[in-house]
Amino acid sequence: MAVHATEEARRAQILEAAKRCFARQGYHETKVDDIVREAGLSKGALYWYFKGKEELLDALCDSFVKETQEDFLKGSAVKTLDPDYLICDLGAMLVERVLSDPEHRLIWMEHWSMASREAESRKKVSDVHQGWLDILVPLIKKNIKEGKLKPVDPRQLAMGLMALFDGILTHQSFQDMDAPALWRSTTRMLLEGIRQ
């Protein structure tokens, strides 16, 4: 048990060092030497746990997405499936969650940018989007079935919400705005058109 705990702690130490380096220097400018120096470890120790930079970036993104999806699912499970709460309030909570960790936001933006150039990154981003579709589409269908939303295409609505989310986070990177408030106001306008 203690060995497993030590291995997990070492992995977390390496991931935190990689997160700081990627956020500070960008993925492509960060060298493995930078990460091991930041972590205070040897290259051998890093390679014992990770194959290289790409696996580190993937692990950071996977961890952040998993935590964010778990937060969303907790929120959607304990509250009514009211569209205002589900779309406006939980969505704003997710925007706040992403923006609360600038390092993770920068890393996710880096990964997203890489997806436009690299097939492997594109697949990872596509898998994340599919994971969100798997969560959102059934919730939207339930609201339609209960008569809370007009019979819109649930997949199209979910994809539109994800595009809005990505767009707000992108604009937040270079434009001063209250991103959660923008999410709420935009989604409320959208809901006015599709609410039953």
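Remarks
- Relative contact order (percent, whole number), region 53-196, Cα cutoff 8 Å, 6+ residue spacing: 31 percent
- Amide H within-cut-off set for Arg195, under 5 Å, with H built and near neighbours excluded: Lys150
- Toward the positive end of the charge dipole of region 99-142, with +1 on the Cβ of Lys and Arg and -1 on the Cβ of Asp and Glu, the farthest Cα among Ser100, Val125, Val137 is that of Val137.
- log10 of Debye I(q)/I(0), alpha-carbon scatterers only, for the chain at 0.18 Å⁻¹: -1.20
- Size of charge dipole - region 65-196 - debye, nearest 20, with Cβ of Lys, Arg +1 and Asp, Glu -1, no other charges: 600 debye
- Footprinting exposure proxy ranking of Phe174, Phe64, fewest other C-beta atoms within 10 angstrom first, gives Phe174, Phe64.
- Per-q log10 I(q)/I(0), region 1-50, q = 0.14, 0.17, 0.32 Å⁻¹ (Debye; single scatterer per alpha-carbon; no solvent): -0.33, -0.47, -1.21
- Pairs from the list Lys53/Lys124; Lys19/Lys141; Lys124/Lys148 with a Cα-Cα gap above 26 Å: Lys19/Lys141; Lys124/Lys148.
- Its relative contact order, with pairs defined as Cα atoms under 8 Å and 6+ residues apart, puts region 114-196 at 26 percent.
- Excluding the site residues themselves, the longest part of the chain lacking any trypsin sites (Lys or Arg not before Pro) in a DSSP loop with at most 14 other Cβ atoms within 10 Å is 118-196.
- Partner aspartates and glutamates for Lys142 [C-alpha distance under 15 Å; skip if fewer than 8 residues away on the same chain]: Asp82, Asp84, Asp134, Asp153
- Charge dipole of region 1-50 (Cα centre as origin; +1 on each Lys and Arg Cβ, -1 on each Asp and Glu Cβ, all else neutral): 60 debye, rounded to the nearest 20.
We did not get these values from a lab; they are worked out from the coordinates using the rules stated. Because the structure is a prediction, the values reported are computed rather than measured. Note: ideal-geometry Cβ built from the backbone for every residue, glycine included; neighbour counts use all protein chains shown.
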